[in-house]
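The values are calculated or read from the model by the stated rules, or taken from the named source; none is laboratory data. Just so we're clear, the structure is a prediction, and the values are computed from it rather than from any experiment. When we count neighbours, we look across all protein chains shown, and the Cβ atoms used for this are built from the backbone with ideal geometry, even at glycine. In case anyone asks, the SASA skips ligands and DNA or RNA and just uses the protein heavy atoms, side chains included. Shrake-Rupley method; radii C 1.70, N 1.55, O 1.52, S 1.80 Å.
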Amino acid sequence: MQYFNFDNYKLDDAVRVFVERAPLIGENSTREGILFHLSKHLYETNTALRQQLSGPDEIHTLVCALMMLNTDLHGGMVDRKMTYNQFESNLRNTEATIDKGTLKELYNGIKSKPIIVNTTQPAEPPKPLPTLEQYENVIHKQGSLVKKNFILMSGKRPGMFKRGWKRWDAELRGSKLAFSKGGKKVEIICHHCIASRTMTHRNRHCVILLVCADDRQFLLQAVDDTDMQEWMHAINKVAAMFSALPMAAPVSNSNKFQPHSLPMSRTKCSLEEQLQNHITQLIS
């Protein structure tokens, strides 16, 4: 209320300014409470109303009457609109002592210019992002995948007996993609990974190419297209959350292109810090 100065305002204009700017939402009792605080503020800040009316209770009665009149005249739910005589008769049964001339002026003001009630819900403050430690125990995706070791860390393909397709129970928990089968468990750390669809295998559909930070590559076959999209989305989301910025390219006098090196550990920055860093890069 302290941001509203209603000195030298007529009553209907003050109500109109307030309800157009301040959301008037909630139950009837809540709305009436807001209007009562408005009435008290009007009595404290408006010299003319303070001289004309006896107190905040009388202003509150008139404010509620104006809101009801506005709904009746402009709400569109009533066929027979309230007349001035009916408006005056309703106030005659209350403690309001306002003169008829002012009452007629208020009625004509509402009739000619309706009050636009602001019913917009106030925006909720943004929720803080979870920490990476909290994400470590989150299961992003579970299911069955057929895995094939495609490229080793050395850049070569594995031996014939180590690169076959094998079905595993897969679980993406935190930053780790775990494969388990018959008591055996294999884990892939997903920071700095990227998952994309590959069409190089004609005999197999829904195949994902997973490229890791240490240059290893795996082929993962999902159940169907929907399952494949879910796995790719989950892996790339985890990689985006846990990946650190690439290190600077090595300095060399060689003419050969030197790519940026990827860290072998996950980022130490929180999600808020990562988001702020991306925003800074986009602005610059």
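Quick notes on this one:
- Of the GluC sites (Glu not before Pro) found in segment 133-203, those that fall in a DSSP loop while having at most 15 other beta-carbon atoms within 10 Å are Glu136.
- A 1.4 Å probe run over the chain, with the rest of the protein chains in place, finds 64 Å² accessible per residue.
- Protein heavy-atom surface of segment 12-58, 1.4 angstrom probe: 46% of the accessible area is carbon and sulfur, with nucleic acids and ligands not counted.
- Most positive-pole-ward Cα, Asn255, His60, His140, against dipole of the chain from beta carbon charges: Asn255
- Shown here for segment 1-89: trypsin sites (Lys or Arg not before Pro) in loop regions (DSSP other than H, G, I, E, B) with at most 11 other Cβ atoms within 10 Å, namely Arg80.
- To the nearest ten degrees, helix 271-283 and the longest principal axis of the Cα atoms of the chain are 90 degrees apart.
- From the coordinates of this entry, log10 I(q)/I(0) by the Debye sum over Cα atoms at q = 0.07, 0.08, 0.13 Å⁻¹ is computed, and it appears in (1) -0.24, -0.32, -0.87; (2) -0.39, -0.47, -0.98; (3) -0.57, -0.61, -0.89 under the label (3).
- In the chain, helices alone account for a calculated mean residue ellipticity at 222 nm of -12000 deg cm²/dmol, with every DSSP H run of four or more residues adding -39,500 (n - 2.57).
- Computed magnitude of the charge dipole of the chain (debye, nearest 20; Cβ of K, R +1, Cβ of D, E -1): 2540 debye
- GluC sites (Glu not before Pro) lying in DSSP loop within segment 39-116, provided at most 12 other Cβ fall within 10 Å: Glu95
- With 19 Å as the limit on Cα-Cα distance, the pairs of Lys156/Lys181; Lys141/Lys181; Lys40/Lys81; Lys10/Lys113; Lys147/Lys176; Lys156/Lys256 that go past it are Lys156/Lys181; Lys40/Lys81; Lys156/Lys256.
- Given charges at Cβ of Lys, Arg, Asp, Glu: the chain dipole, positive-most of Ile98, Trp231, Pro125: Trp231
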